[in-house]
Amino acid sequence: MTTPASSLLASDAVLAVRDLRVSFPSEAGLVQAVRGIDFSLRRGETLALVGESGSGKSVTATSVLGLLPEGAQVSGSVRLEGRELLHLSDGEMSKIRGKEMGMVFQDPLSALTPVFSIGTQLVEALQVHQDLNDKAARARALELLDLVGIPDPKRRIDAFPHEFSGGMRQRAVIAMAIANDPKVIIADEPTTALDVTIQAQVLEVLKKAQEVTGAAILMITHDLGVVAGMADRVQVMYAGRPVESGLADDVFYTPHMPYTIGLLSAVPRMDEGGEKKALTPLEGNPPSMVSLPQGCPFAARCPIAVDVCREVEPELKASADGLLSACHRSTEIGDSVPREEMFPTPDVPAHDRSPRESRPAVLKVDGLIKHFPLMKGSVFKRRVGTVRAVDGLDFDIREGETFALVGESGCGKTTTLLQILELPKAQAGSVVVLGKETKSLNGKGRRELRRDMQVVFQDPMASLDSRMPIGDILAEPMKTHGWSKDRIAARVPELLSLVGLLPEHAERYPTEFSGGQRQRIGIARALALDPKLIVLDEPVSALDVSIQAGVINLLDELKVKLGLSYLFVAHDLSVIRHIADRVAVMYLGRIVELGDADSVFGQPSHPYTQALLSAVPLPDPRKERERRRILLTGDLPSPADVPSGCRFRTRCPKIGGLSAADAERCHTEDPAVQALGADHTAACHYAAALEVV
Amino acid sequence: MGRGMGRFLLRRAVNYVILVFIAASFTYFLASSYLEPIVNFLSKHPQPPLSSIHNILRSRNLDPNTPLVQRYWTWITNILFHGNFGQTFDGNSVNSEMGRRIFVSTELLLVATLVSTVSGVAWGAWNALRQYRPSDRISTVVSYLLLATPTPVIAISLETVDQWMGVPVQYTGMYDPGAQGTWSVITSNMQHLILPTITLFLIQATLFSRYQRGTMLDVLGSDFLRTARAKGLTRRQAVLKHGLRTAVIPVMPLLVYNIVLLFTGATFTEKIFGWHGMGEWLVDSITQNDVNAVGAIAVFTAVLVLIAGLLSDLVYAALDPRVRS
Amino acid sequence: MTQLVPDVPADVLPEEKQKKTRTLSRGALVRRRFRRNRLAMVGVGILAVLLVGAYVLPYFLKFSYTDNDWNALGTAPDATHWFGTNHPGVDMLALTMRGLQKSLVIGLIGGPLTTLIAALVGASAGYFGGWIDRILMWVLELMLVVPSFLLLALIAPRLAGGTWLYFVVLLSAFGWMITARVVRSMTQTLKDREYVLAARYMGVNPLVIIFRHILPNVASILIVDATIQVGAVVLSESGLSYFGFGIQAPDISLGTLIADGQPDATTSPWMFFFPAGFLVLMGLCVAFIGDGLRDAFDPTAAGAKAVVKSIKRAKGPIAGSPAQDVVSNTARAEEGLAS
């Protein structure tokens, strides 16, 4: 594992890629998606290609398999055990694909043919390459499904893809990828579409598959935590080229390329709590792949760029022992140029708050319930049950604090948020916003309340009407609430500068902005009417890490400056750890643990919270190696079929260690909320703190 | 679940019955007030005495002197309680006329439908695979040409071509009235099928191929085709096995719907080639002021639309496991 | 992240380039793509020629469509009568241009009118949902079940005394249902889009939301549909007129001319094939333009029925009630194409 970089290019590699270049014709011109990449992959080894969207990492994977769309122009060399693949015909490649190389795609929902059963598709993968009769193939398919951890494979083998959850489908895809004992498994963002607990399961399956087949894994991902836990070696991509390459530890602990350094420092860390500190944003955007600027593509964002950086693009060369970096100043980094403070960290004004009890509540939710009818069939639609999306929720938010709702998809956090925004008239439970009970509000009162409570959505593309200029988008809430033209005209530039944009941006259209800028516009719109409470629905999850940090800092800053309160919904626990004052963990429509962030993250006491936190990968290879994960079994039960007693008992890792009598209690009795500390409660019969981060 | 399903179907059926009832009643009222069957008798030579005209009309529930509501009541109760659609203006049973015509339409449509379905799907899929190549471009222009051409123009062009070539194929009527003996009637009948079948084929196959091309193109870029290729299928195998099977799902219900509706939709073809089917009746019933026939056709068409909708839903469910569950 | 061909949004371009791309607004991009579509441009060209021909050419002709040339009864095309004459000796060219005028006007009014009805019904049903949706959808279903051909055939001849405009309205009234369903399901997805939600939670009036956020965002579909409906309306008109149920004398349309020329089609082809040819040409142009517009609005849409596809794209393959939409698509076929 400690081979020097030079010998990484040795010929004992299973897969060797040399100077691979891929470009596509497009409306705007030739897109140079990959501009020369080299790597070698040895047996049993895992190499991670890391990069943000558009860095060319997925295109690399696709071209290795020969699955690029027709218009693509490819050059260079891809050798599998010495055999050149790049110019093979589709027929010849098809003998290699699935046999020598298996592939796992990002989106398990669309990766399987919807009209064939899982078994049929798996058997097909076997029979394409092996001379197996139907019976033998089916037996082998059952083995494979068992191997990837699909429970009760005999029954599930004949299920159709839509009857599988995302995690199960991804397991099935992995089963297909390893069906013929491939030498290389290419995994393209295999867990991006999955929840953390499922991600942890699927990554385990991938590791197991690697052990069983001895295959090399080419892992493509943007998630530095996943990389830290999986990869032996890492190659960081930027603008279609590798900019840093080496052993995982070297890349994570002693990077010699400013982009890698910036990327690592921009990630919020779940293992760093306590003292509130601003994130270190990586300002700017990646360059256009159509017209690259002269010199180093990262120069425009680089804090240590010098003249030569703007003229000559640096080659990937040895910067330290075993590390290759593409930076003119790589040898200075870590030496005369320190890594710390290379990227400036802005100051976030300190919070000076009175104790929580003395601050007024801006939002109080009591016994909130939202049930939907469960409809079945799309041709013959009929009601077959009730989805208990939100099933009795209590919490409150005090002035000036950030309250986060955390949970996996399907836990009801988004429903909760929409329910509150709806200011519902008829409902079970009560929602009190700024001291006003929403049930008893008349039309005028509701309108006034809408002014004080604003929302920022997840998708910065979808939350702005692309046909309206920014000025009109920002003016809409003010127009709706009857502001005069002059007042609006004065407010728009004010708002833009508040979120770090320029007043002249008002004339432009949303498509002219990057994701991060659009999210800033969304925030500006929410601020237009000077609200008290802002509801944020996954506000940074659609953004790349480098952009995310800036938006989080902005939110922090605005909160202090304008005295806002946030209801923050997210699934990314690291982000929550960074931004939230108080956290509520949701499971199947209920809050299972609630408290101040330090308590919940520091002494998680509900077994679900513990599992959730332990599933989050940390961008720190050493820590990842030492950590022991609490793996949950199975998927989230359907909210239409909530288990009796404690709703977490079907997946609870703790219940196995209980005596039969104690476990019986979990089956029959719905656990009540019990206080564990000053501001810390959990709904578990046997709550006990456990350090997992 | 079984009960829920039953209730669902029942609700749907009741809704359908109401829809058919309204549609048919509305058409009947409109036809009775606008059409004047009496004209058919007044224009006869020699003209029968007015009193006997009214007698005949009354016996057929067509007399304008009877209040419209009363005529409607007679009409609707006869249908509801006796399944009797009344008499045509010249005294024949509407029921038996309808039966005869449905048979004729079926004969005409059977071959055309089969051929157009198969070739339309194949043609469309092939075009999709060759998108933007010359063959696809030519196909596109040709299909737009065919789709922009009104049916009578297609039919009459075929007739004209046949004429120029010295009438190798006879086309007027369903068979040569001069044909003697069963066998020669059958062969003549077959010959007379050729031109109307080609007409229907050109229109239907073109339409189906456009549908198929569209859904196929949707599927070609899909992730699951990529997975299939990543497993080791060639592009061709993947497209044929995984692509076509999936792409055909949304098309089949469309075909079923189209085909069922053709029973009254082949108006131009039947009229121009002299086939006495339902489509021809649609036009003739109006030109002949045949109120009861119009009413019967209205019921027939409305029921047909609903059957077509139901049938295409069932086909969809049969083809797509996602819908079934 | 798996996007194979990375997008090149304008924002990734440096500042000075951004200015250049800014002038390329969505509208300009659509226009540019449309202009690049050769067939569509041919369609526009021919349609323009047809329009000019139909309205300008008659002033330069020796014969008007009301004149009878008693020296030329049913003569084949020659130097005086380029398209020949019919049995009463009327110049076929003059007649065809006159018919073309009417058919063009009917199509150009009827097509957009149909789409307008569909947009209003579809958007209200989709946005408001609940009982408004149920009522509108029930009416829609009824309109599909009602034998439209019979009703049109019964009503149209009674409009003879009035203006042909009533006839166009009637055609539109029987043709909006399919598009309305498409607009409805698109509205249903747009309704949950974040910018619509944002407007709603701001307290914006629902009708304002429909006109400010919903309809502009289905505009591309509506424009394409209006184009296609032009062809559909013209086909319906000619079909009904063919049987004498459409445009009534003294008005003339290409449909009535085809009906008049049909008996002599094999012996005096000019009486039939000139008006028929213009009808086909017009339909073809409209189809090319519609296709070009569709590609221009949505370059990734590849297929024949993009309107259909757009719902599928928006809703995913299973969401909603695909069969319903599927049925609706079909009806489009039979609408214009009673064979």
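The values are calculated or read from the model by the stated rules, or taken from the named source; none is laboratory data. Everything numeric here is computed off the predicted structure, so don't read it as measured data. Glycine gets a Cβ as well: all are built from the backbone with ideal geometry, and neighbour counts include every protein chain shown. Protein only, heavy atoms only, side chains kept; ligands, DNA and RNA dropped before computing areas. Shrake-Rupley method; radii C 1.70, N 1.55, O 1.52, S 1.80 Å.
Leaving out same-chain residues fewer than 8 places away, which aspartates and glutamates sit with a Cα under 15 Å from that of C:Lys62?
Within reach: C:Asp78, C:Asp91.
Can you list the HN-Hα couplings for the range A:220-226, worked out from phi with the Karplus curve (6.51, -1.76, 1.60; θ = phi - 60°), rounded to whole Hz and with x for Gly and Pro?
Calculated HN-Hα couplings, in order: 10, 7, 10, 8, 5, x, 4 Hz.
How many Cβ atoms of partner chains, on average, are near each residue of A:239-251 if near means within 10 Å of its Cβ?
0
Using a 1.4 angstrom probe with every protein chain in place, what is the largest-first accessible-area order of A:Thr414, C:Thr115? Mind showing how you got there, number by number?
Details: A:Thr414 55, C:Thr115 10 Å².
Sorted descending by solvent-accessible area, the residues read A:Thr414, C:Thr115.
Counting partner chain Cβ atoms within 10 Å of every residue's Cβ in B:210-218, what's the average?
6
What is the projected area of the convex hull of the Cα atoms of the range A:405-564, averaged over all directions, in nm²? Provide the component values of the computation, followed by the final result.
Details: hull surface 40.9 nm².
It is 10.2 nm².
Of the accessible area of the range B:98-285, with the probe set at 1.4 angstrom, what percent is carbon plus sulfur?
Values: 4830 of 6930 Å².
Here carbon and sulfur together make up 70 percent of the probe-accessible area.
With a 1.4 Å probe, what is the total accessible area buried between chains C and A, in Å² rounded to the nearest 100?
Numbers: alone 18210 and 29360 Å², together 43590 Å².
Chains C and A together bury approximately 4000 Å².
So, taking all protein chains as they sit and a 1.4 Å probe, how much accessible area belongs to B:Leu147, in Å² rounded to tens?
Surface accessible to solvent at B:Leu147 totals approximately 40 Å².
Quick check: residue separation of A:Gln130 and A:Arg487 times 0.36 nm, minus the Cα distance between them. What number comes out in nm? Could you put the intermediate results ahead of the total?
Numbers: separation 357, 0.36 × 357 = 128.52 nm, distance 7.38 nm.
Here the answer is 121.1 nm.
List, in the order given, every pair from A:Lys277/A:Lys436; A:Lys413/A:Lys444; B:Lys241/C:Lys191; A:Lys436/A:Lys479; A:Lys277/A:Lys532 whose Cα-Cα distance in the structure shown is over 26 Å.
Violating the 26 Å limit, Cα to Cα: A:Lys277/A:Lys436; A:Lys413/A:Lys444; B:Lys241/C:Lys191.
Restrict the search to the range A:586-676; then list the trypsin sites (Lys or Arg not before Pro) that DSSP places in a loop and that have at most 13 other Cβ atoms within 10 Å of their Cβ.
Those that pass, being in a loop and sparsely packed, are A:Arg628.
Return the distance in nm (one decimal) between the two label points of a simple spin-label model at B:Asn78 and A:Val74, each offset 7 Å from Cα along Cα→Cβ.
7.5
Semi-axes of the equivalent ellipsoid for the protein assembly as shown, please: Cα gyration tensor eigenvalues, times 5, square-rooted, ordered largest first, whole Å.
The three semi-axes for the protein assembly as shown are 63, 36, 32 Å.
Give me, ordered by chain and number, the residues 5 or more places off A:Arg241 or on other chains with an amide H under 5 Å from its own placed amide H.
Here the answer is A:Arg35, since their amide H atoms fall under 5 Å of that of A:Arg241.
Could you check the spin-label model distance between B:Leu68 and C:Trp82? Points 7 Å from the Cα along Cα→Cβ, value in nm.
Distance between the two pseudo-spin positions: 4.9 nm.
Per DSSP helix of 4 or more residues, -39500 (n - 2.57); summed, then divided by the residues of chain B. What does that give at 222 nm, rounded to the nearest 500?
-26000 deg cm²/dmol
When ligands, DNA and RNA are left out and all protein chains stay put, how many square angstrom of accessible area per residue does the protein assembly as shown have with a 1.4 Å probe?
Here the per-residue accessible area is 39 Å².
For the range A:556-569, what does the Karplus curve 6.51 cos²θ - 1.76 cosθ + 1.60, with θ = phi - 60°, yield as ³J(HN,Hα) per residue in whole Hz, taken in order and with x for Gly and Pro?
4, 5, 5, 4, 6, 5, 9, x, 8, 10, 10, 9, 10, 10
Taking the Cα-to-Cβ direction at A:Asn442 and at C:Phe211 and moving 7 Å from each Cα, how far apart do the two end points lie in nm?
Spacing of the two 7 Å Cα→Cβ label points: 2.8 nm.
Using only the alpha carbons, work out the radius of gyration and Dmax of the range A:14-231 in angstrom.
For the range A:14-231, the Cα-based Rg and Dmax read 17.1, 53 Å.
Classify chain B as rounded, prolate or oblate, taking a ≥ b ≥ c as the square roots of the eigenvalues of its Cα gyration tensor: rounded when a/c is under 1.5, otherwise prolate if a/b is larger than b/c and oblate if not. Provide the component values of the computation, followed by the final result.
Details: a/c = 2.89, a/b = 1.53, b/c = 1.89.
Since a/c reaches 1.5 but b/c is at least a/b, the shape of chain B is classed as oblate.
Over all residues in B:126-132, what is the mean tally of Cβ atoms on other chains that come within 10 Å of each residue's Cβ?
1
Provide the packing ranking of A:484-491, A:591-598, C:267-274, B:263-270, i.e. peptides ordered by the mean count of other C-beta atoms within 10 Å per residue, highest first.
Going by the mean number of other Cβ atoms within 10 Å, highest first, we get B:263-270, A:591-598, C:267-274, A:484-491.
Kindly flag which residue pairs out of A:Lys95/A:Lys207; A:Lys57/A:Lys154; A:Lys57/A:Lys183; A:Lys439/A:Lys654; A:Lys154/A:Lys370 have an alpha-carbon separation exceeding 32 Å in this structure.
A:Lys57/A:Lys154; A:Lys439/A:Lys654; A:Lys154/A:Lys370
Note the full-extension length gain between A:Glu507 and A:Ser26 as 0.36 nm times their separation in residues minus their Cα-Cα distance, in nm to one decimal.
Details: separation 481, 0.36 × 481 = 173.16 nm, distance 2.72 nm.
Between A:Glu507 and A:Ser26, full extension yields an extra 170.4 nm.
List every residue whose amide H lies under 5 Å from the amide H of A:Ile185, counting only residues 5 or more places away in sequence or on a different chain, with H placed 1.01 Å from N in the peptide plane.
Counting only residues 5 or more places away or on other chains, the set is A:Gly102, A:Ala216, A:Ile217, A:Leu218.
More than 38 Å apart: what percent of Cα pairs in chain A qualify?
Values: 98220 of 239778 pairs.
Summing the P(r) of chain A above 38 Å gives 41 percent of all pairs.
Just to confirm the filter: which trypsin sites (Lys or Arg not before Pro) across the range A:404-484 are DSSP coil and have at most 14 other Cβ within 10 angstrom of their Cβ?
Answer by residue number: A:Lys425.
Summing +1 for each Lys or Arg and -1 for each Asp or Glu, what net charge is found among the other residues whose Cβ lies under 15 Å from the Cβ of C:Leu254?
So the environment of C:Leu254 carries a net charge of -1.
Please name whichever of B:Gly86, B:Ala155, B:Ala308 sits farthest to the positive end of the charge dipole of chain B, dipole taken about the Cα centre and charges placed at Cβ: Lys and Arg +1, Asp and Glu -1.
Of the listed residues, the answer is B:Ala308.
So what are the ³J(HN,Hα) numbers for the range A:676-683, from phi and the Karplus equation (6.51, -1.76, 1.60; θ = phi - 60°), rounded to whole Hz, Gly and Pro as x?
10, x, 4, 9, 7, 10, 8, 9
Where the centroid of each part is defined by its Cα atoms, how far is the range A:407-449 from the range B:58-100 in Å?
Answer, in whole Å: 61.
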